[in-house]
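Participant: If you scroll down you'll find the structure; I have some questions about it.
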Amino acid sequence: MRPGRRPLIAGNWKMHTSYEEALALARGCVERIPASLAVDVAIHPPFIWLVPVSKVLEGSAIALGAQNCAAREDGPLTGEVSAHMLAPFCRYVIVGHSERRLLLHEDDAAIAAKLRLVFDHGMTPILCVGEQLAQREAGQAGEVVTQQLRAALDGLTPDRLARLVIAYEPVWAIGTGVPATPADAEAMAQLIRAVVAELGTDGAALRVLYGGSVNATNAAGFLAMPAIDGALVGGASLDVEQFSAIVQAAEALYQQAADQATMEA
Ligand code: PEP
């Protein structure tokens, strides 16, 4: 974390929760996560719960995010949800999650289109990038992530690049209980900043998250890294205790970093 770049802790509920569970989880987050934080917090319920959860979050510091959006503005796309439909309710939209890339065959062109639509409608995309295990073992992690970034971001204005959130999520770490090491995640976060800088912004305001088996026990190790500004949390975001503990760890580390910067100034 670095003072001046607001950390973000985002909870991806994936295709979990019943209606009652979603409302209870959202209420638990509102109760456990104080309103005045230096850290941004977002929850990403399934589409169907976005509107009722938005009512639970009213007046709280927790923002709402979607897990995906359509690659087109409108039209005959049965079952899809357009960015313009999400905009009245959501501040963030996850784009290019590896589960969608791999299981639902989402390609680079669709991811680039979604990213632009999210910006067009005034929301912030959380772009997910990350390599598969065989790619890491073959020493190709940097190359894979660089290609994913270029395909999604090429041609974006510097202003949009600076407002983007990128989540480094190695595929082998998602939902496996085997996270990357903080040092490996930091190296990839630095690479991501360098690639975005090449694409046209100094990257100073860019927020880079780590995602992949983050929990209340290991979160601080990632959040303490200078190029990492937060976490995209899957499984642990379904547990209010774990999720609020991750938010508290981020808040404490950010305050510590800010105090340190003040002392050094
Ligand atoms: C995710 O879904 O983006 C994720 C990182 O999941 P988990 O925290 O469960 O690994």
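Participant: Residue by residue through region 3-20, note down the ones that are within 11 Å of the ligand (Cβ to nearest atom), assigned to a loop (DSSP other than H, G, I, E, B) and either under 15 Å from F222 (Cα atoms) or under 13 Å from the mean Cα position of the chain (by Cα) (or both).
Facilitator: Matches in region 3-20: W13, K14.
Participant: Where residues in region 131-163 are among the small types (G, A, S) and within 20 Å of C69 (Cα to Cα), which of them is most open to solvent (accessible area, probe 1.4 Å)?
Facilitator: Across region 131-163, the extreme among qualifying residues is A151.
Participant: Any residue at all in region 183-193 that's more than 18 Å from the chain's Cα centre (by Cα) and more than 16 Å from G221 (Cβ to Cβ)?
Facilitator: Within region 183-193, not a single residue is more than 18 Å from the chain's Cα centre (by Cα) and more than 16 Å from G221 (Cβ to Cβ).
Participant: Continuing with the same structure: Scan region 33-52 for residues that are aliphatic (A, V, I, L, M) and closer than 20 Å to V165 by Cβ and jot them down.
Facilitator: Answer for region 33-52, where residues must be aliphatic (A, V, I, L, M) and closer than 20 Å to V165 by Cβ: I33, L37, A38, V39, V41, A42, I43, L50.
Participant: Moving on. Please determine, by comparing only the residues of region 61-80 that are within 20 Å of L232 (Cβ to Cβ) and modelled with pLDDT of 95 or more, which one is surrounded by the fewest Cβ atoms within 10 Å (Cβ to Cβ).
Facilitator: A63
Participant: Here's a follow-up. Having 1 or more residues that are touching a Gly at 6+ places or on another chain (Cβ under 8 Å) and within 16 Å of the ligand (Cβ to nearest atom) is the bar; report the helices (runs of 4 or more DSSP H) wholly within region 34-106 that clear it.
Facilitator: 98-103
Participant: OK, next. Take region 164-188 and flag every residue that is in contact with a Phe, Trp or Tyr (Cβ under 9 Å, 6 or more places away or on another chain), crowded, with 16+ Cβ neighbours inside 10 Å and farther than 11 Å from Y210 by Cβ.
Facilitator: Across region 164-188, the qualifying residues are L164, V165.
Participant: Would you check which residues across region 123-154 are under 21 Å from Y92 (Cα atoms) and assigned to a loop (DSSP other than H, G, I, E, B) and list them?
Facilitator: M123, G130, D154
Participant: Right, next: Is there any pair with a first residue in region 60-82 that is among the β-branched types (V, I, T) and a second that is open to solvent by 70 Å² or more (accessible area, probe 1.4 Å) whose Cβ atoms are under 7 Å apart and which are 6 or more apart or on different chains, and what are they?
Facilitator: Pairs found: V81/F47.
Participant: Same structure again: Might you let me know whether region 108-131 holds any residue that is under 26 Å from A236 (Cα atoms), among the basic types (K, R) and in contact (Cβ under 8 Å) with a residue 24 or more places away in the chain?
Facilitator: Scanning region 108-131, I find no residue that is under 26 Å from A236 (Cα atoms), among the basic types (K, R) and in contact (Cβ under 8 Å) with a residue 24 or more places away in the chain, so the answer is no.
Participant: Looking at (1) in contact (Cβ under 8 Å) with a residue 24 or more places away in the chain; (2) away from the ligand (no atom under 16 Å from the Cβ), can you tell me which one E143 breaks?
Facilitator: If we test E143 against (1) in contact (Cβ under 8 Å) with a residue 24 or more places away in the chain; (2) away from the ligand (no atom under 16 Å from the Cβ), just (1) comes out false.
The values are calculated or read from the model by the stated rules, or taken from the named source; none is laboratory data. The structure displayed is predicted, hence computed values, not measured ones. With ideal geometry, Cβ positions are generated from the backbone for all residues, glycine too; neighbour counts draw on all protein chains shown. Side chains included, ligands, DNA and RNA excluded: accessible areas come from the protein's heavy atoms. Shrake-Rupley method; radii C 1.70, N 1.55, O 1.52, S 1.80 Å.
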